[in-house]
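The values are calculated or read from the model by the stated rules, or taken from the named source; none is laboratory data. This one's a predicted model, so the numbers in the text were calculated from it and none came from an experiment. Reconstructed Cβ throughout: ideal geometry from the backbone, glycine too, with neighbour counts over all protein chains shown.
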Amino acid sequence: VVFRQSLADATMATKVRRPLHAGSWYSDDRDELERQLASFLASAQPGTLKTVAPSGTLKALIGPHAGYSYSGKTAAYGYVDIDPAQVTKIFLLGPSHHVYLDGCALS
């Protein structure tokens, strides 16, 4: 795992990541984006995905990360079952589309 301390410091200092692709992969208008996400979640059926945890609590989710117009509806089927009151940590792992990484970067 490649981990840069300055990246960790910057990430931990902010609660919300800057919107790097607003206006290209998703709307740059906050109200429009909220409506779109709410629509995706409303159309997803809770309980469709089966969990393997005996407790029935979602432990991990592998979801698409393309632009919302391409993958938003599909992703919503995983996210609709997440109870925000029970989530304490979120770990995102994804590829770099711009540079080669020997390992991974944490965000």
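Restricting attention to the stretch 72-92, the residues being of a type in the set (S, T, Y), over 14 Å from A38 (Cα atoms) and part of a helix (DSSP H, G or I) number 0.
Screening the stretch 41-93 for residues that are exposed (fewer than 13 other Cβ atoms within 10 Å of the Cβ) and charged (D, E, K, R) and picking the one that is modelled with the lowest pLDDT gives K50.
When D102, D29 are screened for being touching a residue at least 60 places away in the same chain (Cβ under 8 Å) and out of contact with any Lys or Arg (no Cβ under 8 Å at 6 or more places or on another chain), only D102 passes. In the stretch 11-40, of all residues being at pLDDT below 90 and charged (D, E, K, R), the one that is farthest from G72 (Cα to Cα) corresponds to K15. Scanning the stretch 59-71 for residues that are assigned to a loop (DSSP other than H, G, I, E, B) and in contact with a strand residue (DSSP E or B) (Cβ under 8 Å, 6 or more places away or on another chain) returns a single hit, G67.
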